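Taking it in order: structure first as structure tokens, then the write-up.
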Amino acid sequence: MNIHFSQTNSRWDSVLSPIGGNRFELTLQFRIRLVRIEPTTQFYEGDTWASGNGVMHSPYHPFTHKLNTWNDLEWTNYRQEFCRVIEHNWSDKFMLIPNKAWYIPPPAGSDKVSAPVQCSLKIQLVDSASQHPHFTIRCIHPDKGFRSFMSPELRTGIITHDDLKFEWRVLPTKIGKQQHQIEYGQITVLHEFGHVLGFEHVNGSSAERWAYGITLEQRANLMGLGIHFSDKQARPWEATIRRHLIPENKYDRTVKFAGHLSSPQIIAYWDNDFDMKDPPPKAKSTKPAKGASGAHHSSSTIHGPAGVIWEHMANIPPAD
Ligand SMILES: [Zn+2]
């Protein structure tokens, strides 16, 4: 197998490097330009636009937003936090497992081994279009709730000052035969970054509510309304490794990699109508965080993504 260590691409660059113990690390590298949108900034992003008079127009309700100014410290922190939240949650989430031995470790003449590949992600912020960003994201500070979005085909998008925080949304969801009021926890920017990586919504490419999922399991997913990752979300790494490993013979061509979640995940939803006699279905391959098992305790503390500590969320299915 020929190994290409580094690749550049229009959507992201990537590096494949050995990390010892017959393992590799595949890092997707993004150059992201965050544009600070002030009330005086003029911009046109599809149907969302501002003429610089402090008002932004959008095709979704509410149709106009007053834009606030970013103060310098807030903006500096936001830029750092953007990278930290995305890397912390999207990096080192998956492993690519080969179906057979493919790598000949040194010294030459050794037997082939089934080296697994750790899936990492790095963000480099750039300040101008001349630095060829892979994606340009406008950051707004609106006076009220705005529906953030990404346009992967244009490699642009709009997010808000609130999108790096953990937030809850309530949506009636059918559990068994009954509707339960379920609160879904999500960090919006992680969902939006899913679009940057090429994912559509969990139940289709639309922006209608059904596209965000119908079932609990769909809605709890990151590309629905939740924060739960599935094996499918390793796809960008599965696709990228094919650019790095160039088969030399027939055997090499039969080597395939499948992405799997490599760390336990928390289930970030709260069922307000939870009934011990009728527990909600368990999402597949999910392990609640330590201290999170049991239901109707209010004292367990859960260390969530992005360092969030939840004391609110103990009403989840018991551990396997
Ligand atoms: Zn979306």
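Please work out which one of (1) free of Cβ contacts under 8 Å to residues at least 60 places away in the same chain; (2) closer than 29 Å to Pro18 by Cα; (3) assigned to a loop (DSSP other than H, G, I, E, B) is the condition Arg235 fails and give its number.
(3)
Has the range 197-205 got at least one residue that is over 26 Å from Asp92 (Cα atoms), within 16 Å of the ligand (Cβ to nearest atom) and open to solvent by 10 Å² or more (accessible area, probe 1.4 Å)?
For the range 197-205, residues over 26 Å from Asp92 (Cα atoms), within 16 Å of the ligand (Cβ to nearest atom) and open to solvent by 10 Å² or more (accessible area, probe 1.4 Å): present.
Check the range 124-139 and report whether any residue there is within 16 Å of the ligand (Cβ to nearest atom), at pLDDT 95 or above and open to solvent by less than 20 Å² (accessible area, probe 1.4 Å).
There is at least one residue in the range 124-139 that is within 16 Å of the ligand (Cβ to nearest atom), at pLDDT 95 or above and open to solvent by less than 20 Å² (accessible area, probe 1.4 Å).
Taking the residues in the range 176-190 that are outside any strand (DSSP E or B) and open to solvent by less than 10 Å² (accessible area, probe 1.4 Å) as candidates, determine which candidate is nearest to Glu74 (Cα to Cα).
Per the criteria, the residue is Val189.
Just the residues that are of a type outside the set (Lys, Arg), in contact with a Leu (Cβ under 9 Å, 6 or more places away or on another chain) and not in a strand (DSSP E or B), please, taken from the range 1-39.
Restricting attention to the range 1-39, the residues satisfying the condition of being of a type outside the set (Lys, Arg) are 1-10, 12-22, 24-30, 32, 34-35, 37-39.
Subset that is in contact with a Leu (Cβ under 9 Å, 6 or more places away or on another chain): 1-7, 12-17, 24-30, 32, 34, 37-39.
Scanning the range 1-39 gives Met1, His4, Phe5, Trp12, Ile37, Glu38, Pro39.
Which of the residues belonging to the range 149-166 are within 13 Å of the ligand (Cβ to nearest atom) and open to solvent by less than 20 Å² (accessible area, probe 1.4 Å)?
Of everything in the range 149-166, those that are within 13 Å of the ligand (Cβ to nearest atom) and open to solvent by less than 20 Å² (accessible area, probe 1.4 Å) turn out to be Ser151, Gly157, Ile158, Ile159, Asp163.
Take the residues of the range 198-236 that are aromatic (Phe, Trp, Tyr) and over 13 Å from the mean Cα position of the chain (by Cα): which is nearest to Phe30 (Cα to Cα)?
Here is the first cut: in the range 198-236, the ones aromatic (Phe, Trp, Tyr) are 199, 210, 212, 229.
If we keep only those that are over 13 Å from the mean Cα position of the chain (by Cα) as well, we get 210, 212.
Working: Trp210: 30, Tyr212: 26 Å.
This residue is Tyr212.
Would you point out which residue out of Ser110, Ser128, Ser148 is of a type in the set (S, T, N, Q) and in contact with an Asp or Glu (Cβ under 8 Å, 6 or more places away or on another chain)?
Testing whether each residue is of a type in the set (S, T, N, Q) and in contact with an Asp or Glu (Cβ under 8 Å, 6 or more places away or on another chain) leaves just Ser148.
Before we move on, is Glu183 of a type in the set (D, E, K, R), away from the ligand (no atom under 16 Å from the Cβ), more than 21 Å from Trp12 (Cβ to Cβ) and in contact with a strand residue (DSSP E or B) (Cβ under 9 Å, 6 or more places away or on another chain)?
So Glu183 passes the test.
Okay, residues lined up against (1) open to solvent by 20 Å² or more (accessible area, probe 1.4 Å); (2) touching a Leu at 6+ places or on another chain (Cβ under 9 Å); (3) part of a loop (DSSP other than H, G, I, E, B):
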{"site": "Phe43", "(1), (2), (3)": "no, no, no"}
{"site": "Thr76", "(1), (2), (3)": "yes, no, no"}
{"site": "Ile86", "(1), (2), (3)": "no, yes, no"}
{"site": "Asn89", "(1), (2), (3)": "no, yes, no"}
{"site": "Met95", "(1), (2), (3)": "yes, yes, no"}
{"site": "Gly109", "(1), (2), (3)": "yes, no, yes"}
{"site": "Ser120", "(1), (2), (3)": "no, yes, no"}
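Going by what's in this entry, would Gln124 be described as part of a strand (DSSP E or B) and closer than 30 Å to Lys250 by Cα?
No, not satisfied.
For Met223, all conditions in the list (1) away from the ligand (no atom under 15 Å from the Cβ); (2) open to solvent by less than 20 Å² (accessible area, probe 1.4 Å); (3) assigned to a loop (DSSP other than H, G, I, E, B) hold save one; what is the number of the exception?
Every condition holds for Met223 apart from (1).
Under 9 Å between Cβ atoms, at least 6 apart or on separate chains: pull out the pairs that start in the range 186-209 with a residue that is in contact (Cβ under 8 Å) with a residue 40 or more places away in the chain and aromatic (Phe, Trp, Tyr) and end on any residue that is outside any loop (DSSP other than H, G, I, E, B) and near the ligand (Cβ under 9 Å from one of its atoms).
If the second residue must be outside any loop (DSSP other than H, G, I, E, B) and near the ligand (Cβ under 9 Å from one of its atoms), the pairs left are Phe193/Met150.
Quick one: which residue in Thr254, Thr173 is over 20 Å from His88 (Cα atoms), surrounded by 22 or more Cβ atoms within 10 Å (Cβ to Cβ) and of a type outside the set (D, E, K, R)?
Details: Thr254 fails: surrounded by 22 or more Cβ atoms within 10 Å (Cβ to Cβ).
Being over 20 Å from His88 (Cα atoms), surrounded by 22 or more Cβ atoms within 10 Å (Cβ to Cβ) and of a type outside the set (D, E, K, R) holds for just one of Thr254, Thr173, which is Thr173.
In this structure, is Glu192 modelled with pLDDT of 95 or more, within 11 Å of the ligand (Cβ to nearest atom) and closer than 19 Å to Arg36 by Cβ?
yes
Just a yes or no: is a residue in the range 251-267 in contact with a His (Cβ under 9 Å, 6 or more places away or on another chain), under 16 Å from His191 (Cβ atoms), within 16 Å of the ligand (Cβ to nearest atom) and not basic (Lys, Arg)?
no
Cβ contacts < 7 Å: first residue over 28 Å from Phe257 (Cβ atoms), restricted to the range 112-140; second residue at pLDDT below 95 and open to solvent by less than 60 Å² (accessible area, probe 1.4 Å), any location; separation 6+ or different chain. Result?
Hits for this filter: Arg138/Glu45; Ile140/Phe146.
The values are calculated or read from the model by the stated rules, or taken from the named source; none is laboratory data. Just so it is clear, the model here is predicted, and its values are computed rather than measured. Cβ: placed from backbone, ideal geometry, glycine included. Neighbour counts: every protein chain shown. Only protein heavy atoms, including side chains, enter the accessible area calculation; ligands, DNA and RNA are left aside. Shrake-Rupley method; radii C 1.70, N 1.55, O 1.52, S 1.80 Å.
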